[in-house]
Amino acid sequence: VQWWSRSWGSRRPAKPRFLGGETPKISTTTGRRAALAKWLTSPQNPWFAKNLANRVWARFFGRGLVHPVDDVRTSNPPSHPDLHRRLGEQLAADDFDIRHLVRKICASATYQASQHRDEPPMRTYAGMTPRRLSAEQLIDAISAVSEVETKFRGVPLGSSAVQVVDADGNRFLDLFGRPPRDSVCACERREEPTLSQVLHLINGDTIERKVRSNQNRLTRLLRSKASDDDILDELCLAAYGRAPRRHERERVLPTIGKKDRAAAWQDVLWAMCNSKEFLFQH
């Protein structure tokens, strides 16, 4: 977009300049976008790398080193300046490979820390604060555990929620705070719990359709004549990533024989999808 310099009466288009920087030499073959991308990812420009790394950090901890992540200014410094700088440097050194940064964050002792019993402020990162899965993560997790895919409008069956750009019309995603993406502000996403979310998890049609489907995980296991112990093992591995504990076996298995076997296991799967261990990270 060209804007016109009127202050001198020349009415000549002003040459584009970087923020606080010089006027770039723009090639007629590559264009302005290529010049902007080269400037953003330049080693001499640490701001973009640090800002991007801060957003990745916030996705895993629920809080950025600069918080809120959109409030980048000198009067809102990062809580851990050295870490903020090193994350940006690492991202730039890896040629902005986000997966490499994600791998390093997830392998860190900070991310793997358990919840601190004294509940220190989140900005200290002394312990991991339990956080509910995002709307996209949650519906994808329910689909994975039940083995029933969710059909989103405008995309083929099998597309995950995190891959869908425009998921308007999906009540679950709207209910659990997926932003409409009307702006670039991260504040659009709503993460506070609501009564409507609780009611939808308890008796909403999203989980009901997947739990009662004749094409889900339970149907496959029951048709294969798997034992109750084997079914519980697979459900716990799918939902929690671990084997069932002794008290869970003692509580679940005796209830299976008291009513219709398929209906009993449907209740168990529904309860798992409503458990804190499934709904929350850490």
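The values are calculated or read from the model by the stated rules, or taken from the named source; none is laboratory data. All values derive from a computational prediction rather than experimental measurement. Note that each Cβ is placed from the backbone with ideal geometry, even for glycine, and that neighbours are counted across all protein chains shown. Surface accessibility is based on the protein's heavy atoms, side chains included, excluding ligands, DNA and RNA. Shrake-Rupley method; radii C 1.70, N 1.55, O 1.52, S 1.80 Å.
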Could you please find all residues in region 81-99 being under 20 Å from K38 (Cα atoms), part of a helix (DSSP H, G or I) and open to solvent by less than 60 Å² (accessible area, probe 1.4 Å)?
L87, G88, L91, A92
Within region 246-259, can you find the residues that are of a type outside the set (S, T, N, Q) and over 16 Å from D230 (Cβ atoms)?
R246, H247, E250, R251, P254, K258, K259
On the basis of being small (G, A, S) and either farther than 19 Å from A141 by Cα or without any contact (Cβ under 8 Å) to a residue 12 or more places away in the chain (or both), does G257 make the cut?
yes
Is at least one residue of region 224-238 open to solvent by 20 Å² or more (accessible area, probe 1.4 Å), free of Cβ contacts under 8 Å to residues at least 12 places away in the same chain and under 15 Å from S143 (Cα atoms)?
yes
What are the pairs, 6+ residues apart or on separate chains, where a residue within region 47-70 that is touching a residue at least 60 places away in the same chain (Cβ under 8 Å) has its Cβ under 9 Å from a residue that is assigned to a loop (DSSP other than H, G, I, E, B) and of a type in the set (D, E)?
G62/E191
Positions within region 25-62 being open to solvent by 60 Å² or more (accessible area, probe 1.4 Å) and not in a helix (DSSP H, G or I), in sequence order
K25, I26, T28, T29, T30, T41, P43, Q44
What tally of residues in region 50-81 results from selecting those that are among the charged types (D, E, K, R) and within 20 Å of C106 (Cβ to Cβ)?
4
Look through region 100-157, keep the residues that are free of Cβ contacts under 8 Å to residues at least 12 places away in the same chain and in contact with a Leu (Cβ under 7 Å, 6 or more places away or on another chain), and return whichever of them is surrounded by the fewest Cβ atoms within 10 Å (Cβ to Cβ).
K151
